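Inspection log for the structure reproduced underneath, given as structure tokens.
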Amino acid sequence: MGTSLTEVGSRLAGIMFIWGTIQQLFPQIIRRRIETFWNRLENYFYPYVEITIDEFSSGINNEIYNHVNNYLSTKSISNDAKHLKAEKFKNIKSCAVILDEGESTIDEFQGAKLCWRFHKETLRDDSQGHNSLPIEKKSYSLTFNQEYREIVTEKYLKYVMEEGKAIEFKNKKQRIYCNDNNGDNYYTRWYGMWKHINFEHPATFDTLAMDPKKKEEIKNDLVAFSEGKNFYSSVGKAWKRGYLLYGPPGTGKSTMIAAIANFLNYDIYDLELTSVKNNLGLKKLLMETTSKSIIVVEDIDCSVDLTGKRKKKKKEENSDDDDSDSDSDSDSDSDSDSEKKKSSKLTLSGLLNCIDGIWSACGQERIIIFTTNYKEKLDPALIRRGRMDMHIEMSYCKFEAFKVLAKNYLRIETHDLFEEIQRLLEEVNMSPCDVAEYLIHKNTSGGPEICLNNLIQALKEAKEEAKEKANQDQKETKEEVKENQDSREAKENKKLPAKLVTTSYGRLKKLFKKSVPYLSS
């Protein structure tokens, strides 16, 4: 064995000597031709190419490394790999099993076989002396036959990055953000204008109390939006969609937002308009939002007065007939406008520009949701189609929604009392929130019958209250009509003596002309 190694070493030394002699004696052109021939000879016996992907590039985290890490975490690791490791990061839901140092796995793509190998090297910074901490240099190497070079560089690496992004998005933890109301301070300068916590709301479309047909329609619309990148690009429209949720309090508007976020795995940005100083501040906030997110403005009719200028114009048009009144109104309006400018410079025009103007394209794949209890109070320009593409009415609890609640709270799908509850829900308006309150097991020893009977009793009481209120309203309406009629009659009675006087004077004048014609002139 020792003799053979000695022979190999002596031959290599001879080759190196010959190569050194060639470099000294032969011209550069001949050396290049010899190098080309040598490379071809080397490629013939070892026709493989290796691409190295380091964790850090020029001191900056390499995105390709992270995408490769995510991609390989979902691939079936080769049975030959004996050393694996499990990792879990703070913003990732599940742990990933990946290759350990020196291990490799095989992947296939369009007929090409590719070998991934993980490398880890521990380095020390000698300039820091003995106190220097060890530095781990991690990397992946991709080895493949050179005949697949074009496929790997132009297609495979792009495929790995896209799959890695999708896996990262699928496994990431959702977050809910709120805008900072302190303006320009230390936190906003260093950490941005949004604060966040993990979003862990359990609401889904399966547990949402709503008519199944309407839920299916909303889900189909959301799927079409999330898969519509090419469509929105082809029609020249920003990749966004607006939803208006309106209805009485307690009908599940906030729960609907949570269900949409969980369905699409999007982050939520809860935008508080009262904390936005002006239009520029709103633009800065939207610039810091990410793609695949939901921007929510709850109770937009109560947030800020976005219709003040329109109301002022209407008042001025209605007061043109009275000069004195118009002067006083204009003074009061100017004072109120100056006070509004001091308190908030956020305008309806600025909001519209951000959600549907040029600034609406500052992020892709975003959903904008407005909620309100009173749809009629909102400016028509704010909720027109194209801005709020889908208007979703969150109505009172009906029987289909009740069955969802009964399944969620009582774990039952049918019961003898359902028929009576269905009849009462058609006659009484009760929000899903109130219905759910009666279905909660307050007494652990009781069964579903207790909860259902409590709900029936509450519906009957609500029915009686609705009847009493209707009778009271009818009575008040009759009294109001009678009062209006009495006031009109009183006005007519006040005008009656003047009419009589006018009529008597006309008759006397006619009689005077007939009796004394020569004095009538």
Those residues of the stretch 347-403 which are under 30 Å from residue 414 (Cα atoms) and part of a helix (DSSP H, G or I) amount to 399, 400, 401, 402, 403
Of those in the stretch 96-125 that are modelled with pLDDT of 60 or more and assigned to a loop (DSSP other than H, G, I, E, B), the residue surrounded by the most Cβ atoms within 10 Å (Cβ to Cβ) is 103
Per the list (1) surrounded by fewer than 14 Cβ atoms within 10 Å (Cβ to Cβ); (2) of a type outside the set (A, V, I, L, M); (3) over 22 Å from residue 248 (Cα atoms), residue check on residue 423 breaks on (3)
The condition of being surrounded by 12 or more Cβ atoms within 10 Å (Cβ to Cβ), over 12 Å from the mean Cα position of the chain (by Cα) and assigned by the TED database to the domain that holds residue 378 holds, among 254, 234, 226, only for 254
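Conditions tested, residue by residue: (1) modelled with pLDDT of 75 or more; (2) among the charged types (D, E, K, R); (3) in the same structural domain as residue 146 (by the TED database).
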{"residue": "2", "(1), (2), (3)": "no, no, no"}
{"residue": "17", "(1), (2), (3)": "no, no, no"}
{"residue": "24", "(1), (2), (3)": "no, no, no"}
{"residue": "28", "(1), (2), (3)": "no, no, no"}
{"residue": "36", "(1), (2), (3)": "no, no, no"}
{"residue": "41", "(1), (2), (3)": "no, no, no"}
{"residue": "61", "(1), (2), (3)": "yes, no, yes"}
{"residue": "75", "(1), (2), (3)": "no, yes, yes"}
Review point. Is there a residue being assigned by the TED database to the domain that holds residue 384, touching a helix residue (DSSP H, G or I) at 6+ places or on another chain (Cβ under 8 Å) and in a helix (DSSP H, G or I) anywhere in the stretch 206-213?
Key: yes
All conditions in (1) crowded, with 20+ Cβ neighbours inside 10 Å; (2) under 22 Å from residue 208 (Cα atoms) are true of residue 285 except (2)
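Here is a yes/no grid of residues against (1) open to solvent by less than 40 Å² (accessible area, probe 1.4 Å); (2) part of a helix (DSSP H, G or I); (3) at pLDDT 85 or above:
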residue: 127; (1), (2), (3): no, yes, no
residue: 130; (1), (2), (3): no, yes, no
residue: 139; (1), (2), (3): yes, no, yes
residue: 142; (1), (2), (3): yes, no, yes
residue: 148; (1), (2), (3): no, yes, yes
residue: 151; (1), (2), (3): no, yes, yes
residue: 154; (1), (2), (3): no, yes, yes
residue: 159; (1), (2), (3): no, yes, yes
residue: 162; (1), (2), (3): no, yes, yes
Selection from the stretch 43-59 of residues exposed (fewer than 10 other Cβ atoms within 10 Å of the Cβ) and modelled with pLDDT under 70 yields 44, 45, 46, 59
Restricted to the stretch 164-198 and to residues being among the basic types (Lys, Arg) and either modelled with pLDDT of 85 or more or farther than 18 Å from residue 295 by Cα (or both), the residue surrounded by the fewest Cβ atoms within 10 Å (Cβ to Cβ) is 189
Could we say that residue 457 is part of a helix (DSSP H, G or I) and at pLDDT below 90 here?
no
Listed by first then second residue, the pairs whose first member lies in the stretch 159-183 and is outside the structural domain of residue 259 (by the TED database) and basic (Lys, Arg), whose partner is part of a helix (DSSP H, G or I) and modelled with pLDDT under 90, with beta carbons under 7 Å and at least 6 positions apart or on separate chains, are 165/67
Any residue that is free of Cβ contacts under 8 Å to residues at least 12 places away in the same chain, more than 30 Å from residue 453 (Cβ to Cβ) and open to solvent by 80 Å² or more (accessible area, probe 1.4 Å) - is there at least one of those in the stretch 382-393? yes
Considering residues that are over 20 Å from residue 256 (Cα atoms), in a loop (DSSP other than H, G, I, E, B) and either touching a helix residue (DSSP H, G or I) at 6+ places or on another chain (Cβ under 7 Å) or among the aromatic types (Phe, Trp, Tyr) (or both), the number found within the stretch 408-439 is 6
* Asked: Has the stretch 399-409 got any residue that is open to solvent by 50 Å² or more (accessible area, probe 1.4 Å) and touching a strand residue (DSSP E or B) at 6+ places or on another chain (Cβ under 9 Å)?
  -> no
Filtering the stretch 257-277 down to residues that are buried (at least 23 other Cβ atoms within 10 Å of the Cβ) and modelled with pLDDT under 90 yields 276
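The values are calculated or read from the model by the stated rules, or taken from the named source; none is laboratory data. Since we're looking at a predicted model, the values are computed, not measured. Ideal geometry is used to build each Cβ from the backbone, glycine not excepted, and the neighbour counts take in all protein chains shown. SASA here: full protein model, heavy atoms, side chains in, ligands and nucleic acids out. Shrake-Rupley method; radii C 1.70, N 1.55, O 1.52, S 1.80 Å.
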